[in-house]
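K.L.:
One structure follows; several queries about it will come next.
The values are calculated or read from the model by the stated rules, or taken from the named source; none is laboratory data. Computed from a predicted structure; not experimentally measured. Ideal geometry is used to build each Cβ from the backbone, glycine not excepted, and the neighbour counts take in all protein chains shown.
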Amino acid sequence: MIKLVAFDLDGTIGDTIPMCIKAFRQAVSPYAGHLLTDREVVETFGLNEIGMIKSIVPEKWKQALCDFYFLYEKLHHECSEPYEGIPDLIAALRAKGFILALITGKGERSCRITLNEFGMEHDFDEILTGSEHENVKAQSLKLLLKKYDLLPAQCLYIGDAVSDVSEAGKAGVICLSALWGTTAKAEELKSINADYIFETVGELKIT
């Protein structure tokens, strides 16, 4: 029986990835000395914003980070609401008594900005953010399993990235792949996680 449902944030709760890339590019490019490409930005994903920025401008990361937070909050009006159906899904899961968690690679500050923008700052029992050194989603899942004395089979992770499947797998947890976002790699996810593909939020039925 499932007792805990954990969500990714960017690309799963809301269509925030394009805005994240835009804010990162505008903030970090002046310090990098060239206009960052989407590929350069995306290659840093998995780390929190501190780690992402350090990987590109290690000497000037503090200045770039300040600029990033300013731009991230300023540009968030471009994505001011979660995906349609997400608030209803979370409310339904809450009503059924599931423990609800958010496990994101984002840093604490950018995570808080997004949740506040979406009006979701009180929707989760647990919020675990990322590390500047490595992707720690598997570790975060294991921490929750230990805290609530759960087996991996009693937990689900919902995420839109290929790495979400592998990170959940490291913890022995099934990942439900969210294809409703604009940035999900649908074909790759279908090839590695075919039994757990969801094209729309409405298709998710957790009991």
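K.L.:
Spot the failing condition for residue 39; the list is (1) farther than 20 Å from residue 158 by Cβ; (2) in contact (Cβ under 8 Å) with a residue 24 or more places away in the chain; (3) charged (D, E, K, R), and only one is missed.
P.N.:
Going through the list (1) farther than 20 Å from residue 158 by Cβ; (2) in contact (Cβ under 8 Å) with a residue 24 or more places away in the chain; (3) charged (D, E, K, R), residue 39 breaks only (2).
K.L.:
Tell me, please, whether a residue that is surrounded by fewer than 17 Cβ atoms within 10 Å (Cβ to Cβ), under 22 Å from residue 48 (Cα atoms), in contact (Cβ under 8 Å) with a residue 24 or more places away in the chain and among the acidic types (Asp, Glu) can be found in the stretch 161-171.
P.N.:
For the stretch 161-171, residues surrounded by fewer than 17 Cβ atoms within 10 Å (Cβ to Cβ), under 22 Å from residue 48 (Cα atoms), in contact (Cβ under 8 Å) with a residue 24 or more places away in the chain and among the acidic types (Asp, Glu): absent.
K.L.:
Within the stretch 141-167, count every residue that is within 13 Å of the chain's Cα centre (by Cα) and either part of a helix (DSSP H, G or I) or of a type in the set (S, T, N, Q) (or both).
P.N.:
At the first step, the residues of the stretch 141-167 found to be within 13 Å of the chain's Cα centre (by Cα) are 157-165, 167.
Filter again for either part of a helix (DSSP H, G or I) or of a type in the set (S, T, N, Q) (or both), leaving 162-165, 167.
Residues that pass the stated criteria total 5.
K.L.:
With the structure loaded, tell me whether residue 132 is touching a residue at least 12 places away in the same chain (Cβ under 8 Å), over 27 Å from residue 199 (Cβ atoms), part of a loop (DSSP other than H, G, I, E, B) and out of contact with any Pro (no Cβ under 8 Å at 6 or more places or on another chain) or whether it fails that test. Give the steps one after another, and end with the answer.
P.N.:
Values: touching a residue at least 12 places away in the same chain (Cβ under 8 Å): yes; over 27 Å from residue 199 (Cβ atoms): yes; part of a loop (DSSP other than H, G, I, E, B): yes; out of contact with any Pro (no Cβ under 8 Å at 6 or more places or on another chain): yes.
Answer is yes for this residue.
K.L.:
For the stretch 138-160, which positions are more than 15 Å from residue 102 (Cβ to Cβ) and aliphatic (A, V, I, L, M)?
P.N.:
Residues satisfying the conditions are 138, 145, 150, 151, 153.
K.L.:
For residue 11, indicate whether it is assigned by TED's automatic domain parsing to the domain that holds residue 152 and out of contact with any Cys (no Cβ under 8 Å at 6 or more places or on another chain). Explain how you work it out, then say what you get.
P.N.:
On the way: assigned by TED's automatic domain parsing to the domain that holds residue 152: yes; out of contact with any Cys (no Cβ under 8 Å at 6 or more places or on another chain): yes.
Here the answer is yes, as residue 11 does meet what is asked.
K.L.:
In the set 60, 142, 147, 96, which member is free of Cβ contacts under 8 Å to residues at least 24 places away in the same chain and either on the phi > 0 side of the Ramachandran plot or surrounded by fewer than 20 Cβ atoms within 10 Å (Cβ to Cβ) (or both)?
P.N.:
Details: 60 fails: free of Cβ contacts under 8 Å to residues at least 24 places away in the same chain; 142 fails: free of Cβ contacts under 8 Å to residues at least 24 places away in the same chain; 96 fails: free of Cβ contacts under 8 Å to residues at least 24 places away in the same chain.
Within the list 60, 142, 147, 96, the selection yields 147.
K.L.:
While we're here: Residues in the stretch 22-76 that are of a type in the set (Asp, Glu), in contact with a helix residue (DSSP H, G or I) (Cβ under 8 Å, 6 or more places away or on another chain) and at pLDDT 95 or above: how many? Break it down into steps so the answer makes sense when it comes.
P.N.:
Going through the stretch 22-76, the residues of a type in the set (Asp, Glu) turn out to be 38, 40, 43, 49, 59, 67, 73.
Add one more test, that the residue is in contact with a helix residue (DSSP H, G or I) (Cβ under 8 Å, 6 or more places away or on another chain), and what stays is 38, 40, 49, 67, 73.
Now narrow it down to the ones that are at pLDDT 95 or above: 40, 49, 67, 73.
The qualifying residues number 4.
K.L.:
Turning to a different aspect of this structure: If you go through the stretch 108-122 one residue at a time, how many are assigned to a helix (DSSP H, G or I) and aliphatic (A, V, I, L, M)?
P.N.:
First pass over the stretch 108-122, keeping only residues assigned to a helix (DSSP H, G or I): 108-118.
Next cut, aliphatic (A, V, I, L, M) only: 113, 115.
So the answer is 2.
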